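The values are calculated or read from the model by the stated rules, or taken from the named source; none is laboratory data. Keep in mind it's a predicted model, so treat the numbers as computed, not measured. All Cβ positions, even for glycine, are placed from backbone atoms using ideal geometry, and neighbour counts span all protein chains on display. Each accessible area value is taken on the protein alone, full model and side chains, heavy atoms only, with ligands, DNA and RNA left out. Shrake-Rupley method; radii C 1.70, N 1.55, O 1.52, S 1.80 Å.
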Amino acid sequence: MTGDHSHLPSATELRAKALESLLVDKGLVRPETLDAIIETYQNQVGPRNGARLVALAWADAEFRARLLGDAAKAAAEMGYLGRQGEHLKAVENTREVHNLVVCTLCSCYPWTVLGLPPVWYKSAPYRSRAVSEPRSVLAEFGTELPLETRIRVWDSTSEMRYLVVPMRPPGTEGWSVERLSRLVTRNSMIGVEPALAPGSEVL
Amino acid sequence: MRGGHDLGGRQGFGPIDPEPESAEPVFHSDWERRVFAITLATGMLGRWNIDQSRHARERQHPVDYLRQSYYENWLAGTEKLLLESGLISTAEIEHALAAAGSRRGDCGLPSTAADSPGQAAETESGQPNRPGIPGPEDARRILRGGGPATREIGASPRFAIGDTVLARRQLTAGHTRAPGYAQGCRGRVHACHGAHVFPDANSKGDPLAHYLYSVAFDSRALWGKEAEPFEVLIDLWEPYLAGANELATNAI
């Protein structure tokens, strides 16, 4: 699994194109259906969904309890439901435990709350090393954890999907959910990075 | 099967080299988004399930699986499923490839996304849509509806939380979700997720279900005493696990 997506052989492009034309000509797929599927995952379903869940969990203790109890149900409350999010578990990072998510066998990922996975998540280096040397993996993302923090790696081998709830950054007391959500990156919800510090929000 | 996809603990792939999150697009080229959509749309025809789809991507020479990019593996898997289900033939693919190649040659440029609407319009006007082929609203409904993997089964879970279990060694020829690196290792049952559809059977079209457990493995049980200290939690179905009473026998 190469991570290089920028210089693909035109043979692949051609093959994809030929298959699409064939399927459309045979009436097996409708072009407007393909467009609807792309539109859903390119523009509608993405990591801002998860960021809102995390921010709400930070701000509202009752919601946090619901999210940690049954994340699929809590996500559905916000309208985030569907394919690759049917069985969702939220795992919370604390000073004692740091959670990290991987799928060593393919690319299982909680689509309903994070959208489609980034290239590195699907790549051989991450899939091979996250379960054998997670501290080195985290260091490559610039994340250094205290030695006493225990690391828990979740290998998504089933239809269970895992969402990391990162620690709430200090200095955010009294912030609105909307403002908090801008500190929650996709990578922090996979567990490779902490949430952003105040002042470096996602716009 | 322990194909090129079973990557946990393999070595030599180098650093991760992530793209900055804020700069990474959802798709890196138009063909990737078309392959993604074709895979989902043809999946909605109901001719194969998710485990058959995963298995189709895995059933490649490991060198091919590892050399190809992620969506190239999706394309290979989808083409295979379409061929094996008889929805398309090799001759039709060859013909479509030749046609796509000549179209590309005619304009002297690689074909682009801009070609699609034109072709689509011709096809739409030339051929009525077949019944049972999902339209955009059907697709949105299916994606939003999802498909739970949990099932009610008569039996009770064999293992309790806290039990010591051993991941059985197995060399199955078919699809399995028991990662190679955990096989033969001892872990502890952390949680039971209820009964879930069993991929090994589902990939053969049999919707059997078994209890699914989250099993915690100490890094030293997986990688030896020199390993960094941490824990890996793996979702494993009951048939993948042996109980403490089997540990002393060769039946694991």
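General remarks:
- Residue within segment B:195-208 that is touching a residue at least 40 places away in the same chain (Cβ under 8 Å) and more than 20 Å from the chain's Cα centre (by Cα) present: no
- Among the candidates A:146, A:134, A:198, residue that is in contact with a strand residue (DSSP E or B) (Cβ under 6 Å, 6 or more places away or on another chain) and over 14 Å from residue A:56 (Cα atoms): A:134
- Consider segment B:31-51 and keep the residues that are open to solvent by 40 Å² or more (accessible area, probe 1.4 Å) and in a helix (DSSP H, G or I). The one that is farthest from residue B:177 (Cα to Cα) is B:33.
- Selection within segment A:114-142 - in a loop (DSSP other than H, G, I, E, B) and touching a helix residue (DSSP H, G or I) at 6+ places or on another chain (Cβ under 9 Å): A:115, A:116, A:117, A:118, A:123, A:130, A:131, A:132, A:133, A:141
- Near pairs, Cβ below 7 angstrom, 6+ apart or cross-chain, from segment B:43-61 (at pLDDT below 95) to any residue that is open to solvent by less than 30 Å² (accessible area, probe 1.4 Å): none
- Evaluation of residue B:4 against (1) open to solvent by less than 10 Å² (accessible area, probe 1.4 Å); (2) free of Cβ contacts under 8 Å to residues at least 40 places away in the same chain (one fails), failing number: (2)
- Answer residue from segment A:146-181, given it is assigned to a strand (DSSP E or B) and over 30 Å from residue B:147 (Cα atoms) and is nearest to the other protein chains (Cβ to nearest Cβ) among those: A:151
- Single residue of A:133, A:62 found to be more than 17 Å from the chain's Cα centre (by Cα) and more than 20 Å from residue A:181 (Cβ to Cβ): A:133
- 3 or more residues more than 12 Å from every other protein chain (Cβ to nearest Cβ) and closer than 22 Å to residue B:155 by Cβ: qualifying strands (runs of 3 or more DSSP E) within segment B:191-252: B:241-243
- Lone unmet requirement of (1) touching a Lys or Arg at 6+ places or on another chain (Cβ under 8 Å); (2) free of Cβ contacts under 8 Å to residues at least 24 places away in the same chain for residue B:221: (2)
- A residue that is of a type outside the set (S, T, N, Q), open to solvent by 10 Å² or more (accessible area, probe 1.4 Å), free of Cβ contacts under 8 Å to residues at least 60 places away in the same chain and in a helix (DSSP H, G or I) occurs nowhere in segment B:172-189.
- For the criterion of being in contact with a Leu (Cβ under 9 Å, 6 or more places away or on another chain) and without any contact (Cβ under 8 Å) to a residue 12 or more places away in the chain, residue A:132 passes.
- Single match in A:137, A:113, A:184 (criterion: aliphatic (A, V, I, L, M), buried (at least 22 other Cβ atoms within 10 Å of the Cβ) and within 11 Å of chain B (Cβ to nearest Cβ)): A:137
- Considering residues of segment A:81-101 that are facing another protein chain (nearest Cβ under 8 Å) and closer than 21 Å to residue B:192 by Cβ only, the residue least open to solvent (accessible area, probe 1.4 Å): A:85
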